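Engineer: Handing you this structure, nothing more for now.
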Amino acid sequence: MTGPLVEIRQLSHSFGTHKALDEIALNVEPGSYTVLLGPSGSGKTTLLSILGGFLAPQEGRVFIRGEDCTATPPARRPTATVFQDYALFPHLSVGDNVGFGLRMRGVGRSRRNAKVRETLAMVGLADAYSKKPHQLSGGQRQRVALARALVVEPAVLLLDEPLGALDLKLRRQMQDELKALQKRVGTAFIHVTHDQEEAMALADHCVVMNQGRIEDQGPPERVYSRPASRFTATFMGESTLLTGKVQDLGMDEISVATEVGPVAISASGEPGFDVTLAIRPEHITLVDVPPSVALGEAKVTDVVFQGSFKRLLAVSDKNPEVTFIVKVPSNRPVSVGDTVELFCPAADMILMSR
Amino acid sequence: MLPFVAMGVLSFMQHGGDGSASFDNYRQFFDNPSYWRAMVNSLEVTLTVTAISVLLAYPFAWILAEVVPLRLQRLALMLAVLPFWTSYVVRSYSWLLVLSENGVVNKALTGSGLLSDPVQLANSRAGTVIGFVHFFVMLLTLTIFANLKQLSPSYRKAAADLGAGPLRTFLHVILPLTLPGIMVGAFLTFVLCIGDYITPQILGGNNELLMPQLIMMQIGRRGDFPLASALAIILMVVVTIAYLFCARWLKLERS
Amino acid sequence: MRVLGKLLVAIYGLAVYAFIFLPVVVLVLFSLQATSFPIPPFTGPSLRWYEAVLGDTRLTSALVNSVMVAVISSALAVGLGFLSAWGFARYHLPRAALLRGLITLPLTVSYLIIGMGILILFNTAGIPKSLAAAGIGHVVINLPLCFAIIYSQMGDNQVNLERAARDLGAPEWKVLFLISVPVMWPAIFASFFLSMTFSWDEFVISFLLTRFDTTLPVEIWNLLRSGLNPRTNAIGSLVFGVSVVLAILFELILLRRNRA
C-alpha cells in the first residue's frame, strides 16, 4: 500500500463560536504510534471523535486506507476506540465484552470464543474471561477495554486518554505495556493525552496541539530538542524564554539583543527580526564550560529538591521580568537568596521566530 | 411504629370478642372464597397495570430522552407529568367523566358510527386499569427517563464502534443496563397500586372488590377492625414477598 | 424507512401525551359547562360553577383546613426528619441499619394500612377523630420521606464542615443552626415541599381520621357521591391550577439555585 494509512485534510470544526479544530492536516503512517498532546480544550479529543466517526466535521475530509471515511458511521469504519471511562458493559462478563464486536459482526460462537481468549491472553488477562468488569482493578479494566477494541482487528486503534484514570505508578507501567503491545500487533495507535511524559515515552510521532491547531509534529526527540513554537517549548517540558531582536549578521552567526544582554549563536537570520530563544532547564549551568554564553547573574528565589536533581527559579539581575528555570545536580549546595552566575552552551539554545 | 404493633395485636382478636387471641381472622380469609377473590382480583389488576404501564412508559421515556432535542427535554418531561398535579381523587373522577356511558370516549365512538351502543368502560375492571395506568405511566416515565439519562454516552458509542446497529445497541446494551431501574419502578408501581383504595372505588364499580376496598368495607360498614387488620397484614405480606422477589432479582443482576 | 420510523415515533409520543392529558382537558373543559351535567355536548363557557364552588362554605373551609394541615404537618415532619437524620449521621447508634429500616418502612406500606393502624391506635387510646389526628397521620407518612431525602444529602463533607465549626469553637447548638441547617437548606426545602404536596393531596388517612371538619380531598369525595357534577370539575380545576403554579414556582426556585 502506498501513501499514509490515515490522511486528514483541512479539518475544521466549531462548537458554537468556539473553534475546536482549525484547519488540521495530519498523516498517520501504518504501524506507527501517534500521540496527540495538548492541554484540555486544545481540540485533541474532538479530533479523535472525528476519526472514530462519533462526530461529523463541518469542514475537511478524513481518508483511511485511501478511502473517504468522513461520513462513515463508527460501526463501518476500520477504527476501534478505547474510551476514557473504558465503557465496559457492566452487565456482560469480560469475555462477552471482548466478544461483543465479533458477535455484532456475526462471528460464530466457537471462533469467537477462541479469538476472545487469545486476545485476553495477549493483554495478560487469560483467567478473567468469566469475571464481571466491576470485579477488576482499574488497570485490568483498561486491558479489557484494549482487548475489546483490538479483537475486531481495526486498521487504527484510537485511545482517548486511556491512562488518565490510573494512578501514577500504574500509569508508567501501562505505558510500557501499551508500547510493547503496539509493536507486537503492528496496528497503528492514535493516543490522546495531556501528559507530556506519557507522550514522549510512547510516541513515534508526536503531535502537539493548542487552541485547535497543530503547533508542532514530529519524532518526540526532535519536538523536545528543537520545538517549533513557544507553546511547544513550554508545554512539552519546561523552558526559559528570552525575547529579543536579531542584531548583526556575521559568518553564520547572529547576535540577539535579549532582555539579559546580547547572546551570540550560530544561525542565520535577518537583522531587526523579533525572535525568541528557548533554553531547557538542564542546559543552564552555574559554571562556565566553554564555549558557553553568559546569561548574567541571577538571584535564586526558589529551590525544590526533586530526588536526582534540584529545580531552581532564579530572577535575572539585569531584568527582573526574566525568571530562569534551572536544573542542577542535587548534591550542589544552593539555597534561596544566593546569587548565581548562569551559562548556557550556545548550541543548546533554541531559536524561534516570535 | 406503634400503629403497626397495634394492628398486629388486633388482628388476632375478635370483633366484639373478649380479647382472647386466635387465628380466626386469618382462617376466615383463607376459608371465605369472596375474600380470596378480592386478593386474586387485586393481584390480577396490579400485575396488568404494572405490565401495561412499563410497556407504555419505556418507549415514551426513550423518545423523551433520545429523540426530543436536548433543550426541550426539561419542558417535555414537565409537560408529561403535569397531570400529576391534579388531586388524586379528582384525577380518578376525571377518568369517570371520560369513560362514563355518556362520556367523551363513548360519545366519540358512537357519534362517529364506530359503535352502535356505548361500551362499559367506567364501573368495570377496565376503568380501574385505565385510571391506574394513567397515573403510573407518568411515574414510570419519570423514573425510566432518569435512568436513560444516567447511562454514560460512551456505552452507546462503544456499541456503535464495535459494529452494533441502533436496534442491537438497544437490545444488547441499553435495555439490560436500564433493567434494574425498570424493576425498581415496577416494584413501586406494584406497591402503590395494590394498596390504593381511591381508583378502584371510583372507577371500578361494584362488580368486583379489590383488597383495599374489602378492608375499607370491614372498617366502614361493619366496624370489624380485627378482621381489617388481618387483611391488611396479609396484604403487607404479599408486598413483602414481591419486594424479596425483586430484591433477589436485582442482586442477581449486579453480581 | 427512516421517515416511517420517525413518523411512528412522533405518533407514539403524541398518543401518549394525548392519553396523559385527556382527563385533565376534559376536567377543565367541562368545569366551564353552562348546564348541570359535565358530559358532551359542551354548552359553555360559563363560570357559574366556579362561583358556586367559591360560595360554598363547606368547600372553602375544607380548603383552609387542608392548607393548615399541610403546612403544620409538613413542618413537623421536616423537623423530626431532620433531627433523626442528623442523629443517624452523627452518632453511631446500635443497630443503626435496623432502626433506619424501621423509620423508612412506612414508605412501602399503603396509606390505607397506615391510616387504619393509626385509627386503631387512637381508638384504643381514646383519642377522638379530628383534623389534628389527620395531621399526625400525615406526619407519619411524610416523616420517612423527609428522613430519606435529608439523610441521603448528609455526606461526609457535611460531617467535616461541622467538625471544622466545632474546631473553631462553636457550641453544639450553634453548629446545628449556623452550619447544619443552612447547608442542608435545599434538602430541607425540597422535603418540605414534597410533604406539602403529599399532605395536600392525601385522602384515605384524612377520610379515616376526621369527622366533621375535614380536608379538601375528603370534601371532594363527598361531592362525588352526587355523581357527575360540574362543581367537582370546577373545584378540581382550581386545585390543579394552584398545584401547577406551585410546581412551576418550585421548579424556578430550584433552577435559580442550580444556576447560582
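Engineer: Could you tell me which numbered condition C:Val244 fails, if it satisfies all but one of (1) in contact (Cβ under 8 Å) with a residue 60 or more places away in the chain; (2) within 11 Å of chain B (Cβ to nearest Cβ)?
Structural biologist: (1)
Engineer: Looking at (1) touching a Lys or Arg at 6+ places or on another chain (Cβ under 8 Å); (2) at positive phi; (3) among the small types (Gly, Ala, Ser); (4) surrounded by fewer than 20 Cβ atoms within 10 Å (Cβ to Cβ), which is the one condition that is false for A:Gly186?
Structural biologist: It is condition (1) that A:Gly186 fails.
Engineer: Have a look at A:Lys327, A:Lys318 and point out the one that is crowded, with 18+ Cβ neighbours inside 10 Å and basic (Lys, Arg).
Structural biologist: From the options A:Lys327, A:Lys318, the qualifying one is A:Lys327.
Engineer: Here are B:Gly163, B:Gly181: which of them is under 20 Å from B:Cys246 (Cα atoms) and without any contact (Cβ under 8 Å) to a residue 40 or more places away in the chain?
Structural biologist: Of the residues listed, the single one that is under 20 Å from B:Cys246 (Cα atoms) and without any contact (Cβ under 8 Å) to a residue 40 or more places away in the chain is B:Gly181.
Engineer: Return the residues of region C:225-234 that are in a helix (DSSP H, G or I) and either at the interface with another protein chain (Cβ under 8 Å from one of its Cβ atoms) or touching a His at 6+ places or on another chain (Cβ under 8 Å) (or both); say none if nothing qualifies.
Structural biologist: C:Thr232, C:Asn233
Engineer: Which one of B:Val133, B:Val184, B:Val129 is in a helix (DSSP H, G or I), within 14 Å of chain C (Cβ to nearest Cβ) and surrounded by fewer than 17 Cβ atoms within 10 Å (Cβ to Cβ)?
Structural biologist: Going through B:Val133, B:Val184, B:Val129 in turn, just one is in a helix (DSSP H, G or I), within 14 Å of chain C (Cβ to nearest Cβ) and surrounded by fewer than 17 Cβ atoms within 10 Å (Cβ to Cβ): B:Val184.
Engineer: Within region A:78-100, identify whether any single residue is under 24 Å from the mean Cα position of the chain (by Cα), among the aromatic types (Phe, Trp, Tyr) and crowded, with 21+ Cβ neighbours inside 10 Å, and answer yes or no.
Structural biologist: Checked region A:78-100: at least one residue is under 24 Å from the mean Cα position of the chain (by Cα), among the aromatic types (Phe, Trp, Tyr) and crowded, with 21+ Cβ neighbours inside 10 Å.
Engineer: While we're looking at this one, here's another question. I'd like to verify a number: residues in region A:156-183 that are within 17 Å of A:Phe83 (Cα to Cα), surrounded by fewer than 19 Cβ atoms within 10 Å (Cβ to Cβ) and of a type in the set (A, V, I, L, M, F, W, C), how many?
Structural biologist: So the answer is 2.
Engineer: Tell me yes or no: at least one residue of region A:56-75 is within 25 Å of A:Gln182 (Cβ to Cβ), assigned to a loop (DSSP other than H, G, I, E, B) and away from chain B (no Cβ under 14 Å).
Structural biologist: yes
Engineer: Moving on to the next point. Could you count how many residues in region C:202-224 are within 14 Å of the chain's Cα centre (by Cα), facing another protein chain (nearest Cβ under 8 Å), under 21 Å from B:Ile215 (Cβ atoms) and assigned to a helix (DSSP H, G or I)?
Structural biologist: 2
Engineer: Among the residues of region B:59-81, is any modelled with pLDDT of 75 or more, part of a loop (DSSP other than H, G, I, E, B) and closer than 20 Å to C:Leu224 by Cα?
Structural biologist: no
Engineer: Okay, next question. Would you mind telling me which numbered condition in (1) free of Cβ contacts under 8 Å to residues at least 40 places away in the same chain; (2) in contact with a Leu (Cβ under 7 Å, 6 or more places away or on another chain); (3) within 14 Å of chain B (Cβ to nearest Cβ) C:Ile179 fails?
Structural biologist: Unmet condition: (3).
Engineer: Further question on the same structure: Among the residues of region B:214-228, write down those that are aliphatic (A, V, I, L, M) and more than 9 Å from every other protein chain (Cβ to nearest Cβ).
Structural biologist: Answer for region B:214-228, where residues must be aliphatic (A, V, I, L, M) and more than 9 Å from every other protein chain (Cβ to nearest Cβ): B:Leu214, B:Met217, B:Leu227.
Engineer: Residue under question is B:Leu121, and the condition is that it be surrounded by 18 or more Cβ atoms within 10 Å (Cβ to Cβ), more than 7 Å from every other protein chain (Cβ to nearest Cβ) and not in a helix (DSSP H, G or I); does it hold?
Structural biologist: Judged against the criteria, B:Leu121 is a match.
Engineer: Considering only residues that are away from every other protein chain (no Cβ under 12 Å) and polar (S, T, N, Q), look in region C:188-198 and name the one that is nearest to C:Ile136 (Cα to Cα).
Structural biologist: C:Ser195
The values are calculated or read from the model by the stated rules, or taken from the named source; none is laboratory data. In this text the structure is predicted, and so the values were computed from the model without any measurement. Backbone-built Cβ (ideal geometry, glycine too); neighbour counts: all protein chains shown.
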